[in-house]
1. Within segment 34-78, track down each residue that is under 18 Å from Ser8 (Cβ atoms), assigned to a loop (DSSP other than H, G, I, E, B) and touching a strand residue (DSSP E or B) at 6+ places or on another chain (Cβ under 8 Å).
2. Being crowded, with 18+ Cβ neighbours inside 10 Å, out of contact with any Pro (no Cβ under 7 Å at 6 or more places or on another chain) and over 13 Å from His72 (Cβ atoms) is the filter here, so list the residues in segment 9-52 that pass it.
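Throughout, read-outs are computed from the coordinates displayed, never taken from laboratory work. It should be emphasised that the depicted structure is a prediction, and the values quoted were computed from it without experimental measurement. Note that we place each Cβ from the backbone using ideal geometry, even for glycine, and neighbour counts take in every protein chain shown.
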Amino acid sequence: MNRYPYNSGHLLVAPYRHVGDLVELTDAESLSLMETIQSSLRVLRAIHSPHGFNIGANLGRTAGAGLPDHVHVHIVPRWNGDTNFMPILAEVKVISEFLSEEQRKLSEAFADACTRNGN
């Protein structure tokens, strides 16, 4: 989970091996990363029913990477009308749920998904 989420359900997906760029991943690591992103989308759809997603990676500090030596992919659930004036006027983001509750729901959903898939 993202410590400073843009929206509820904002996840970070990272490979086990520490690399700073997607091109440094092996084919097997790339496949595993994409499979984890796909599983995350299924779980987030089941829990939150978002209207869409933003998915992306910030490669390098200049691009906004907080951990420049460990590539990770952001998955941000989006809903129609989920933008508001709070970040502009107050430099605050409004998240409608405690991170601990979000973590509990996601953990349960991922555990259920792994059980169903035999992982």
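1. Listed by number, the residues that qualify are Pro50, His51.
2. Val43, the sole residue that qualifies.
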